[in-house]
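The values are calculated or read from the model by the stated rules, or taken from the named source; none is laboratory data. Just so you know, these numbers come straight off a predicted model, no measurement behind them. Backbone-built Cβ (ideal geometry, glycine too); neighbour counts: all protein chains shown.
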Amino acid sequence: MRYAYYPGCSLESTAKAYDLSLRAVFRLLGQDLEEIDDWNCCGATAYMSVAETVALAVSARNLALAERMGGLDVVAPCSACFTVLSKTQRYLGGHADLRERVQESLGEAGLSLTRPVRVRHPLDVLVNDVGLDAVVARTVRQLGGAKVAPYYGCQIVRPERGFDDREVPMWLDVLFQRLGAEVVDYPPKVRCCGGMQMSTNEQVGLRLNFDLLAEAMDSGANVVVTTCPLCQINLEAYQGKISRAFKRRIRIPVMYFTQLLGLALGASAKELGLPLNLVPFDVELAPVAEAVHG
């Protein structure tokens with residue numbers, strides 16, 4: 001299948017590993033990602049509460065560009081981008097006055113949004129379009145030895161998204177269980193990492209991330225997998241500072257879920273952007289045949 005790909009700003013900078021690993025996973029599973037030409041920032045801030053029409057128009061421009069691609073579903077891997085694009089679609093569908101103002105703005109750029117564009121998260125696509133059986137059938141490495149704490153964060157399932165439960169999501173759990181990993185019991189899987197609190201109120205951010213990381217380690221996990229660029233950098237990049245602040249050594253790899261999935265599918269570390277991670281994932285993974293017959 002073909003999808004219109006909206007990488008968003010993070011995946012071209014601090015979350016480059018997410019972009020690399022997502023492209024590798026989709027390629028290995030025979031799915032085509034066609035990047036939206038001339039996409040712009042979705043405006044993933046509190047901007048919508050400051051200038052609603054402008055914020056919606058900025059986001060809607062991406063949907064209008066995607067519409068030109070023939071009705072392809074939009075794949076938005078960043079949790080914030082996925083939320084903002086989905087919210088824009090929902091707002092414009094439910095508020096005629098907003099839609100009219102946004103259409104006027106789009107018209108100034110020679111664009112229009114004439115029909116709904118479906119915004120998808122890659123986890124949704126992998127589970128519901130590709131299918132877990134097909135994913136498992138293409139694996140070449142067993143994830144035995146990986147003890148996974150699945151961290152969804154607070155955005156991709158809220159409000160009701162339709163592809164997972166918003167209080168107790170399970171598709172990451174099921175995916176990695178099917179791939180042979182041990183998925184630990186991880187109750188804070190949808191608790192907020194603090195987002196931009198690391199920049200605006202660091203002590204709050206450090207506390208929130210300490211709780212998430214300590215819980216993962218106490219649960220026996222040897223890797224945290226996430227779906228969000230901001231969650232990933234908060235959980236990984238501040239581990240030294242968190243350790244000093246709370247007088248406990250915190251060290252655990254934090255990977256994009258596509259990186260661990262990509263290893264199972266046989267992609268190389270370079271293809272998955274693993275050298276860009278700060279805390280290495282050093283679990284040896286056996287080939288599927290060896291894991292099953294050895």
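Computed values, structure above
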read-out: Within segment 157-186, tally of residues that are exposed (fewer than 14 other Cβ atoms within 10 Å of the Cβ), of a type in the set (A, V, I, L, M) and within 14 Å of VAL223 (Cα to Cα); value: 0
read-out: Count of residues meeting criterion [β-branched (Val, Ile, Thr) and either more than 14 Å from the chain's Cα centre (by Cα) or outside the structural domain of PRO229 (by TED's automatic domain parsing) (or both)] in segment 239-264; value: 3
read-out: Segment 64-102: number of residues that are hydrophobic (A, V, I, L, M, F, W, C) and without any contact (Cβ under 8 Å) to a residue 40 or more places away in the chain; value: 2
read-out: Cβ pairs under 9 Å, 6+ apart, first in segment 14-35 and at positive phi, second hydrophobic (A, V, I, L, M, F, W, C) and not in a helix (DSSP H, G or I); value: GLY30/MET1
read-out: Per-region count, segment 191-209, residues of a type outside the set (S, T, N, Q) and within 21 Å of the chain's Cα centre (by Cα); value: 9
read-out: Residue among GLU35, GLU52 that is in contact with a helix residue (DSSP H, G or I) (Cβ under 8 Å, 6 or more places away or on another chain) and either outside the structural domain of ARG191 (by TED's automatic domain parsing) or not polar (S, T, N, Q) (or both); value: GLU52
read-out: Candidate set from segment 125-156 (those that are among the β-branched types (Val, Ile, Thr) and at pLDDT 95 or above); member that is nearest to the chain's Cα centre (by Cα); value: VAL125
read-out: Tally of residues being in a loop (DSSP other than H, G, I, E, B) and over 15 Å from GLN31 (Cα atoms) across segment 130-150; value: 7
read-out: Given (1) in contact with a Gly (Cβ under 8 Å, 6 or more places away or on another chain); (2) surrounded by fewer than 16 Cβ atoms within 10 Å (Cβ to Cβ); (3) in a helix (DSSP H, G or I), index of the condition GLU284 fails; value: (3)
read-out: From the options ASN209, ASN234, ASN201, residue that is modelled with pLDDT under 95 and out of contact with any Pro (no Cβ under 7 Å at 6 or more places or on another chain); value: ASN201
read-out: Selection count, segment 157-176, where residues are modelled with pLDDT of 95 or more and not hydrophobic (A, V, I, L, M, F, W, C); value: 1
read-out: Test: residue in segment 85-104 that is within 17 Å of PHE163 (Cβ to Cβ) and in contact with a Cys (Cβ under 9 Å, 6 or more places away or on another chain); value: yes
read-out: Hey, THR114 out of contact with any Lys or Arg (no Cβ under 6 Å at 6 or more places or on another chain), of a type in the set (S, T, N, Q), surrounded by fewer than 17 Cβ atoms within 10 Å (Cβ to Cβ) and not in a helix (DSSP H, G or I) or not; value: yes
read-out: Helices (runs of 4 or more DSSP H) fully within segment 151-263 counting 2 or more residues that are among the small types (Gly, Ala, Ser) and free of Cβ contacts under 8 Å to residues at least 40 places away in the same chain; value: 202-218, 239-246
read-out: Meets criteria (at pLDDT 95 or above, under 25 Å from PHE257 (Cα atoms) and not small (Gly, Ala, Ser)) for VAL74; value: yes
